[in-house]
Amino acid sequence: MREVEIEPIALDRLATLLTPERVERLHASIARGRELFEGRTLWNVNATATGGGVAEMLQALLAYTKGAGVPTRWLVLDGDPGFFTITKRLHNMLHGTAGDGGVLGGAEQEHYTAVLARNAQALEAVVAAGDVVLLHDPQTAGLAEALRALGATVVWRCHVGADASNDRTETGWSFLEPHLRAAQAYVFSRREYAPPWLPADRVAVIPPSLDPFSAKNAPMDPSDVDAALGEAGLVDTARDGGSLAFTRRDGSVGTVRPHDGLVLDGAALPRDTRVVLQVSRWDRLKDMGGVLQAFAEHVRDLPPDVHLLLAGPEVAGVSDDPEGAEVLGECQRTWEGLPEVARRRAHLACLPMDDIDENAHLVNALQRRAAVVVQKSLVEGFGLTVTEPMWKGRPVVASRVGGIQDQVVDGESGLLLDDPRDLGAFMGLVERVLADEDLAATLGAGAREAVCERFLGDRHLEQYVRLVESLS
């Protein structure tokens, strides 16, 4: 296992965005949290420090927790490729999909258990009786029993799930059930995700949140957006007068580097384009290929200045997702087979992962530059890639699945696609936003208000304090 350093952030910064009533409630919660953790440590364990919404959420939330005076540490699992193939299979099955089509049998259970037994030995050296450990997602579930034996309070936090069960979800939950029985509480983003055999009084619903001051969400001047995207070679923008600087998580200042080849077809997007953007991992459940196909089928119906950009991480930088390279390859082959008119206006980009703060800053710039941000997921645990552009006041078109439907009120803070496989309906919603500036502005304003009210860190932290209090 390896430890991820957490730089504390004072909660006073978050308080600048809150009403007086919320500030008062937050300070009361902080005071109670310090009492609960006197002489104890809050541990978080997950599969990766970079790539994906869980790692990003932990980076921000744990910084605020530590800044509030709660002893907080973050550990990342050691796993081999076979382990991450099994856990990716679990991830897909809990979403109700077949994934790679592989099985979850005795051999997979044995390998999963053996890898986590080695990780448990590392925990035994640092976790003390009375500590609270939050285990995140299927990769960590097999640690619960060993942690309970150490005298720790164990909470399993699941960021994935399906609104309705099927044979695949039942297979996934059957695999995890022997490991999860040892946990004292279970946290889900939606009540529907919890399997029926969990005791209802030990299940909590705590949706994720975003950090409005992180490199991914901090305010950006339009000239700085142009400078960042131009320097990175993503959009052929005018760079005069804009700053390339951004603030890292530790408070230091970084600078956008020049990059070659982030856009995989070899050229930056033209300067005057209106961009339809999807940012997500190269994951089949995000359906980047479907977005590409939909755009290609309807490109002749769109104004000539509209381009599509699908942006995901450099696949080598996401250690817990063995399917990433496969999905990216599938998207590239689909793009290569498109008619020339579609290839000229559809683009794939891989954002660098060797500097996660620069990566976040580039995502921020792309989302702010976009005319429409889409998230045509087939299933979705929560969807911070929807929360982020909503915070920036961008109009969003997204599938009515999972946690997305808890964020977007159709027609008020975005537009929802009832059937994510209906490519014509999807492009109809996109065209509707592109054709109506007033609608785009109304949806963007409603989106930012919704995030401010419901998906900032104060609500998130308060819910966790109440959970730990209930277990004490």
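We did not get these values from a lab; they are worked out from the coordinates using the rules stated. Keep in mind that this is a model prediction, so the values were computed, not measured. FYI the Cβ positions are ideal-geometry reconstructions off the backbone, even for glycines, and counts take in every protein chain you see.
If I take every Cα pair under 8 Å that is 6 or more residues apart in the chain, average their sequence separation and divide by the length, what percent do I get for the relative contact order?
For the chain, the relative contact order is 15 percent.
Using the number of other C-beta atoms within 10 angstrom as an exposure proxy, rank PHE83, PHE295 with the fewest first.
Ascending number of Cβ neighbours within 10 Å: PHE83, PHE295.
If I model segment 126-182 as equal point scatterers sitting on the Cα atoms and use the Debye formula, what is log10 I(q)/I(0) at q = 0.26 Å⁻¹?
-1.03
First select every other residue whose beta carbon is under 10 angstrom from the beta carbon of ASP272; then total the charges, Lys and Arg +1, Asp and Glu -1.
Charge balance in the 10 Å sphere: 0.
What's the magnitude of the charge dipole for the chain around its Cα centre, counting Lys and Arg as +1 and Asp and Glu as -1 at the beta-carbon? Answer in Debye, nearest 20.
640
Taking one equal scatterer on every alpha-carbon of segment 287-407, how large is log10 of I(q)/I(0) by Debye at q = 0.15, 0.17, 0.18 1/Å?
Each listed q corresponds, in turn, to -0.76, -1.00, -1.12.
Which of the following values of mean projected area of the Cα convex hull in nm² was calculated from the structure shown: (1) 20.8; (2) 23.7; (3) 29.6?
Computed from the coordinates, mean projected area of the Cα convex hull in nm² corresponds to (1).
Need the C-alpha centroid separation for segment 151-226 versus segment 8-24, integer Å.
25
If we count GluC sites (Glu not before Pro) as exposed when they sit in a DSSP loop and have at most 12 other beta carbons within 10 Å, what is the longest stretch of the chain that avoids them all? Please list the in-between numbers first.
Values: sites that count: GLU5, GLU38.
Between the exposed loop sites, the longest stretch runs 39-472.
With no solvent and one equal point scatterer placed on each C-alpha of segment 222-454, evaluate the Debye formula and give log10 I(q)/I(0) for q = 0.07, 0.12, 0.13, 0.16 Å⁻¹, two decimals.
Here the Debye-derived log intensity ratios amount to -0.20, -0.62, -0.74, -1.17.
Please figure out what share of the DSSP beta bridges in the chain is antiparallel and state it in percent, rounded to the nearest 5.
15
Can you sort CYS452, CYS350 so the residue with the fewest Cβ neighbours within 10 Å comes first?
The order, fewest Cβ neighbours first, is CYS452, CYS350.
Translational D (Stokes-Einstein, µm²/s) of segment 357-472 at 25 °C and 0.890 mPa s when Rh comes from the Kirkwood sum over C-alpha pairs?
The diffusion coefficient I find is 165 µm²/s.
Among the lysines, which have Cα under 29 Å from the Cα of LYS286 when same-chain residues fewer than 8 positions away are ignored?
LYS88, LYS216, LYS376, LYS392
Counting other C-beta atoms within 10 Å, which of SER189, SER223, SER399 has the fewest, and how do the rest follow?
On the way: SER189 22, SER223 15, SER399 27.
Taking fewest neighbouring Cβ atoms as first place, the list is SER223, SER189, SER399.
Between Rg and the Kirkwood Rh of segment 128-261, both from Cα atoms, what is the Rg to Rh ratio?
Values: Rg = 22.0 Å, Rh = 18.4 Å.
Radius of gyration over Kirkwood radius for segment 128-261 works out to 1.19.
Quick one, can you get me the convex hull of the C-alpha atoms of segment 414-459 expressed as volume per residue in Å³? Working shown, then result.
Details: hull volume 3.6 nm³, N = 46.
Residue-normalised Cα hull volume stands at 78 Å³.
In degrees, nearest 10, range 0 to 90: what is the angle between the Cα axis of helix 437-454 and the longest Cα principal axis of the chain?
Computed tilt is about 10 degrees.
Quick check on segment 1-69: take the gyration tensor over C-alpha atoms, sort the square-rooted eigenvalues as a ≥ b ≥ c, and tell me if it's rounded (a/c under 1.5), prolate or oblate.
oblate
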